[in-house]
Every structure is written in structure tokens, then in C-alpha cells.
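Student: Questions regarding the structure given below will be posed in turn.
The values are calculated or read from the model by the stated rules, or taken from the named source; none is laboratory data. It should be emphasised that the depicted structure is a prediction, and the values quoted were computed from it without experimental measurement. Neighbour counts run over all protein chains shown; Cβ positions are idealised from the backbone, glycine included. Heavy atoms of the whole protein, side chains included, go into the accessibility calculation; ligands, DNA and RNA do not. Shrake-Rupley method; radii C 1.70, N 1.55, O 1.52, S 1.80 Å.
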Amino acid sequence: QVLLVFAEEDEQSNGFRWACDKAGFRCNIARTPQSALECFLDKHHDIIIIDHRHSRYFDAEALCRSIRTTKASENTVIICVVQRHPDREESSILPLISAGFTRRYVENSSRMACYNELIQLEFGQVQAQFKLRACNSLFTALEKSQEAIEITSEDHVIQYVNPAFETMMGYQIGELIEKELTEVPINEKKADFLDTINSCIKIGKEWQGMYYAKKKNGDSIQQNVKILPVIGQGGKIRHYVSISRLCNDNNKVEKTCECIQAESQTDTQTCRHKDTRKGSLDVRSTTSRGSDGISQRRRSSMARVHSMTIEAPITKVINIINAAQESSPMPVAEALDRALEILRTTELYSPQLGTKDEDPHTSDLVGGLMTDGLRRLSGNEYILSAKQTHQVAGSLSSPISLNDIPPRITQAMENEEQWDFDIFELEAATHKRPLVYLGLKIFARFGICEFLNCSESTLRSWLQVIEANYHSSNSYHNSTHSADVLHATAYFLSKERVKQTLDPIDEVAALIAATVHDVDHPGRTNSFLCNAGSELAILYNDTAVLESHHAALAFQLTTRDGKCNIFKNMERNEYRTLRQVIIDMVLATEMTKHFEHVNKFVNSINKPLAALEENGNNGDGESIKTVLRSPENRILIKRMLIKCADISNPCRPREQCIEWAGRISEEYFAQTDEERRQGLPVVMPVFDRNTCSIPKSQLSFIDYFIIDMFDAWDAFADLPNLMEHLNNNIKYWKGLDGRNLRVLRPPP
């Protein structure tokens, strides 16, 4: 709302009136100081514009002072319109400021000039006053709060304490205001403890723990403290919000001490945190002041929670680096600062694409495979097989025995222990049912039935149920892909280093996980399902949607019918262990955690093993065993194993690599087609069947996801044949790309 105070109507007042109409502001006009004051007290305008050009009508400065004496004017912007004197020297604005004006406006009756002035006021002073008005509400709440509240600047100067703080600590407000914390001996902790707290909070991390404070009379009080730094102007820490709960000997909370460290009024000084702060505003605590038993129990529980000192490994690392910075020369300290910035990110293992010209194939692959899609409310819903009837054992024809496999299929599986085994030959021989046959042979070779204590007929039924729930209509994610991943998994399990590492239960879990890892895959990415609002995306909260579905459905299909329940004779604890490993391996195939898994594998396994070799401990079996056999490292190895098996296509012989490239490209083309038909966000625009370069897409995928991962896996498992195929395939795709060919094969 705007109040115009002009004794007479003229072009200037009309200009402001027009500007108010154009800006959509409500406008009132007053001709006298009395009517202006009455109108303001009635309407509480946000902006008042007073004519100061003609003192013969009224004293503008006196009117401004009168308005400023009212409580309602505290957050009002008051503008003074002054005459333009081009021939006079510029006069000082201080008398106007002293009278209470916010700023002056040199007369200019241009309508757009008036309009521009109002818009600048709206987005400048008026918005600032709105924020201050909200702060008044907060300070009112703090003043009336039963909790003790202290506000200090970034320079440790106390600026405010509320009555509850005075009562609790025994100080009067006059004894604290404008005092530095060091002048008020309220902390009993030693310097090393304060350094521990400061090393945490000065890098923007919250700290929790027990804290002792000293009242004015010398009495000590124990508190459960939570200190939360808040970033302010300039990206620096300007506030420290601490929640302190006083405890008696029984660890029950008696009262809450809350302290908010307010932003300093000066921005030039750095944040120094050599003193501990107390307290802070806990909104939840203001809602639970009841004296009943439930409230007391809740407070006691909260006190125990706040007293916990939960420190993650990354926190310890950051604290060590901070401590090292204190005594380091400037170049080292600056380097450690950069390291800390990297450590503070939540995506520690995900590389960041540069800002220069990126390969669109790489960008689209990363966006399509490593994100959960664009969040979008849409009427389009992609209904998956969540409502379909999945194939179960009773609905399938009786499978044949391993001993009754037709000769052509037997011949196709003759070299299944070799890496160059041709899965597509088996696919053709089995009429697109390779999983049952290859599964029977591989599972027999690894003694799976003996481990699970199940019959071969149960295993056959299970394999057939799983294969029936792969979509043969998918060009890539079908049972042939599952059989291919199963073959790669079995091949990796036969490598000497892997056999040294894993137990029989790990081998069983790996083979089962490979078999089921993409069951009921719809031929669409997670990003597509999230964007389409599919039932599965809703069920799994847009997080690892497909991988969660594959794992859950695999166990549902297995346990719902005794005829195919390969787990039915297992001891309960062993089954739970096996189930946990299977789920973990299936979830590891989700690409959003790709770099996390690979980097952990390199840092926890590759590098320690390489260090042992460099130190001449290559023959030290115990040292190597310690690295390989720790539970944490075995998990990393199993994840890496199935990840490499899942996307090993570029490491296959050339013809197989080309076939898989064509199949995955067709599946992505189909997704792009459907996204455009349904009006969904196109996750991977580069996969347009009319314009896509398959060689470029393959090279991008290999460069971004494959090379580093298989370098690490080769260093661990010794896979020279795979790396040779990979190098040959890279040369093949580069040859096509160099000729600007977008197809799978060169023309005849």
C-alpha cells in the first residue's frame, strides 16, 4: 500500500498515482499532515511518499517525525520528494535521514520514472522491511520463551539474552550485552575440548555432546549440547545455533538453554571459533512443555539422544585435516582447504562432467543411467508388470532333465567355461530360452543343488519360472542377457584370486543374483519410470526402482510355490545370510552408485594389494589374505564382480560386442520413441533412431564406465583376454566413427 502526501495535485503526484495503478499497488492520497497521519494509522502503508518541495503548505520533516513516533511506522519506507535545482550545489541528505526519511526522490514527473522508483522500492527496501517484520515475530517468541536464549555475533560478542537466560545463568542483561564470550567465564571445558568442537563447527558441521557451563555464582551445570552453524552473508558462517539441555544426576532434562549466534553487523572479519557457544532455538522443544509423565519421558529420551557422540569416519578425516591445517604453511593449508571442499560433497565418488563442450552421448548416458529422472507431475502413467500376472511354476510345462538336453543345445554349450563362449548360438538353439539350459549346466558345475539341499527338478522349475518372467519382447534386457551375465559371473568365479576370496555361500549368491538381476525388466530405464509416474517408481520412492523390483520379485517367485523354492530346505540363518548377499549384489547393478563401488574397490583392494607387491610381500599369504578376506572387502569384491559381469559386452569378442551394441541401442531408441509419444521428458535425446551414432555412443559408454572399472578388475582377477577384446573393440568403434559412420557395421 502506498500513501501519497501532496498538498495539491500536480504532474508529480499524478505520476506516482499512475505508477501505483500500473504496479498494482493500492494508493491513498492525503492533502494535509493531519489527514496523512490518520490515514496511515488506519491503513498501515508500506510506502509513504511526502512532498517536500513546497514548505509553505506543510513541514514535511515534521510530518515524517510524527509518523516515526508511531509503532506502526517501524517497518515503513518513507520517501521525500525534493525540488530539482540544477544550478545549485548538491545538498546533504543527512537532515532528511535524521527526520526519519528512508531516501529522497529528486522530482521527475515522468510516469516511467515514478514507476521505476516504486518497483525498485518494492524489491529493495520494502522486501527488506518485510524480512525485518518477520524477525520481530521471532524475537517476540524468543522473549516470551521459557528456554534460555543467547545471541552473539561472529566475533563472539553477546548481543542479546532473553529473561530465561538471565534466570538460568544468574546474569543480568547489562552484564552480558557487548561483552565477548571470553569475558564471561561460563565454560569449564579445557582448550583441547574446545578445539574439538571448533574443528567441527567452523567447517559447517554440527556438533553434539556433553558440555559444562558455569553460572555467575560459580555453580556448574551439565548440558547436552547440539551446536549447528548457519551460513550467512558472503557464504561464511555467521550464526551458531546451539541447543543445550540441562541435566541432573539422573540425566533427566530440567530445562533447555537455547542460543542463536546472530550474524555480525560487520562483514570484513573472519570467523574465529576459539570459544564454545551455548544453546539454540529448538522449535520442537517449545511444543512440549507439559509436566505430565509422557512429556518428562520424552525429554529424558531426547536428552539421551543428544548426549550421543556419533562420529562418522568422514568426520574423523575432516577433523584430522583441520588439525593439520593449524600448523601448516599457507600453500599446504590452501591445498587442504580444497581437499575439504571435495570431502564435504555428498557425491564423493561421482565424477563431475566439465563445463566445456561435452560429448552429448556421454552426457545423455550419464543422465539416463545415473539419475532417477526429472520429477514431474503428469497425467501420463506408465503401468508396469506390477499388475500383470507373473509366470509361476504351476503354469509352465515340465522342464527337461540335464541328461535329456538336445544335441544341438549340448554342442552350443560345449565351451561355456571359456570367455569366448557364444551366447547367441545358444539363444538360437534354445529358441530364446538359454537361461534354463545354461543355468542347469553352470549350477551343476558349482554344486548349487548340493549346497542348497534341493533337487535338480526344483532347480529346473526355478530356472524356468525366472526365465519366463524375463520379457522376450525386450531387445536387450531379456533372458539372453541374464544368461550372458550368469556366464560371465561363473567365469569370474573360476579365476584364482576370486576363488581365494569368496566362500561357497558367496559363489551360490553370485550365481543366483546374476540369474535374477534383471527379472521382469520392462525395457525402460529408471529415469523413464520415475518421469512416467509408474507404479514401481511410486512403490520404491523413485530410488533404485528396477533393481529393488528385480530382487523383491525374485524372492516372491521363488518362495510362493514349493515346486520351485530352491531355498525351502535351508537352515533359517544360512538362508537369511544368502538372501542378504543376493539382494546386495542385485542392488549393486544400479548405475547411480557405479563410481562409488569402483572407487571403493580400487582404494580398499587394488591399492593395498599393489602396496604389498611393491614392498616385496607378494608371497606373504597372510598379508594378502587379510586384504582379501575381510568382510567389508568381500562385499566390495562381490559387487564389483556382478557389475563387471552385467556390463561386460564391450569385453566380448567383436561380433558379440556388435550384437549387444545393436540390441541396447534399439531398446534406447524405443524408449525415446515412447517418451515423445507420451509427452514425457526425453532422458537420452541422443538416442534418436534417425540421428544417433552407435559408434559414438559405444565409445562414450566405454570411456566413461568401462575402462577404469575393467582396468581395476583385471588388476585383481587377471583377465588379459578381456582387455584384449576391449582394446580391439575400441579400435573398431573408433574406425567407424572416424569414417563418420553411424551404424553397427561398415558397408560392404
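Student: Quick test of your reading of the structure: Gly235 fulfils all but one of (1) at pLDDT 70 or above; (2) of a type outside the set (D, E, K, R); (3) open to solvent by less than 50 Å² (accessible area, probe 1.4 Å). Name the failing condition by number.
Tutor: Here Gly235 clears every test but (3).
Student: Return the residues of the stretch 217-230 that are surrounded by 15 or more Cβ atoms within 10 Å (Cβ to Cβ), farther than 24 Å from Lys202 by Cβ and modelled with pLDDT of 70 or more; say none if nothing qualifies. Walk me through how you get there before you give the answer.
Tutor: In the first step, residues of the stretch 217-230 are kept if they are surrounded by 15 or more Cβ atoms within 10 Å (Cβ to Cβ); the result is 221-230.
Of the ones still in play, those that are also farther than 24 Å from Lys202 by Cβ are 221-222.
Ile221, the sole residue that qualifies.
Residue by residue, here is whether (1) of a type outside the set (D, E, K, R); (2) over 22 Å from Asp561 (Cβ atoms); (3) at pLDDT below 95 holds:
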position	(1), (2), (3)
Glu467	no, no, no
Asn474	yes, yes, no
Tyr491	yes, yes, no
Thr515	yes, no, no
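Student: Yes or no: the stretch 107-114 includes at least one residue that is modelled with pLDDT of 90 or more and charged (D, E, K, R).
Tutor: Within the stretch 107-114 (the criterion being modelled with pLDDT of 90 or more and charged (D, E, K, R)), the answer is yes, since at least one residue qualifies.
Student: Which condition from (1) among the β-branched types (Val, Ile, Thr); (2) open to solvent by 50 Å² or more (accessible area, probe 1.4 Å); (3) at pLDDT 80 or above is the one that Ile173 breaks?
Tutor: (3)
Student: Of the residues Asn28, Asn75, which is part of a loop (DSSP other than H, G, I, E, B) and over 16 Å from Val106 (Cα atoms)?
Tutor: Numbers: Asn28 fails: part of a loop (DSSP other than H, G, I, E, B).
That would be Asn75, the only listed residue that is part of a loop (DSSP other than H, G, I, E, B) and over 16 Å from Val106 (Cα atoms).
Student: Sticking with this structure for a sec: Which one of these does Phe40 not meet: (1) among the aromatic types (Phe, Trp, Tyr); (2) open to solvent by less than 10 Å² (accessible area, probe 1.4 Å); (3) more than 54 Å from the chain's Cα centre (by Cα); (4) more than 24 Å from Ser110 (Cα to Cα)?
Tutor: (3)
Student: Check Trp18 against each of (1) open to solvent by 30 Å² or more (accessible area, probe 1.4 Å); (2) free of Cβ contacts under 8 Å to residues at least 60 places away in the same chain; (3) assigned to a helix (DSSP H, G or I) and name the one condition it does not meet.
Tutor: Against the list (1) open to solvent by 30 Å² or more (accessible area, probe 1.4 Å); (2) free of Cβ contacts under 8 Å to residues at least 60 places away in the same chain; (3) assigned to a helix (DSSP H, G or I), Trp18 comes up short only on (2).
Student: Determine whether the stretch 143-159 contains at least one residue that is exposed (fewer than 13 other Cβ atoms within 10 Å of the Cβ), under 30 Å from Arg65 (Cα atoms) and not basic (Lys, Arg). Give the steps one after another, and end with the answer.
Tutor: Here is the first cut: in the stretch 143-159, the residues exposed (fewer than 13 other Cβ atoms within 10 Å of the Cβ) are 143-144.
Those still in the list that are under 30 Å from Arg65 (Cα atoms) too: 143.
Next, from what is left, pick out any that are not basic (Lys, Arg): 143.
Yes, because at least one residue in the stretch 143-159 is exposed (fewer than 13 other Cβ atoms within 10 Å of the Cβ), under 30 Å from Arg65 (Cα atoms) and not basic (Lys, Arg).
Student: Shifting gears a bit: Scan (1) among the hydrophobic types (A, V, I, L, M, F, W, C); (2) part of a loop (DSSP other than H, G, I, E, B); (3) at pLDDT 75 or above for the single condition Ile203 breaks and write down its number.
Tutor: Of (1) among the hydrophobic types (A, V, I, L, M, F, W, C); (2) part of a loop (DSSP other than H, G, I, E, B); (3) at pLDDT 75 or above, only one is false for Ile203: (3).
Student: Something else: Out of the stretch 450-477, which residues are in contact with a Gly (Cβ under 9 Å, 6 or more places away or on another chain) and not in a helix (DSSP H, G or I)?
Tutor: His471, Ser473, Asn474, Ser475, Tyr476, His477
Student: Condition first: more than 26 Å from Gly124 (Cβ to Cβ) and either within 50 Å of the chain's Cα centre (by Cα) or not in a helix (DSSP H, G or I) (or both). Now tell me which residues in the stretch 54-72 satisfy that. Give the steps one after another, and end with the answer.
Tutor: Narrowing the stretch 54-72 to residues more than 26 Å from Gly124 (Cβ to Cβ): 54-59, 62.
Within the stretch 54-72, His54, Ser55, Arg56, Tyr57, Phe58, Asp59 qualify.
Student: Does the stretch 86-100 include one or more residues that are closer than 22 Å to Asn14 by Cβ and in the same structural domain as Gly124 (by the TED database)?
Tutor: At the first step, the residues of the stretch 86-100 found to be closer than 22 Å to Asn14 by Cβ are none.
Checking the stretch 86-100: not a single residue is closer than 22 Å to Asn14 by Cβ and in the same structural domain as Gly124 (by the TED database).
Student: Sticking with this one: Could you list, ordered by first residue, the pairs with Cβ atoms under 6 Å in which the first is in the stretch 163-174 and of a type in the set (A, V, I, L, M, F, W, C) and the second is open to solvent by 60 Å² or more (accessible area, probe 1.4 Å), at least 6 apart or interchain?
Tutor: Ala164/Gln146
Student: Do we have Thr515 as under 20 Å from the mean Cα position of the chain (by Cα) and within 21 Å of Leu641 (Cα to Cα) here? Show your work before the answer.
Tutor: Working: under 20 Å from the mean Cα position of the chain (by Cα): no; within 21 Å of Leu641 (Cα to Cα): yes.
In short, no.
Student: If I ask for residues that are among the aliphatic types (A, V, I, L, M), closer than 28 Å to Gly533 by Cα and part of a helix (DSSP H, G or I), which ones from the stretch 645-668 would you list?
Tutor: First pass over the stretch 645-668, keeping only residues among the aliphatic types (A, V, I, L, M): 645, 647, 658, 661, 664.
If we keep only those that are closer than 28 Å to Gly533 by Cα as well, we get 647, 664.
Across the stretch 645-668, the qualifying residue is only Ile664.
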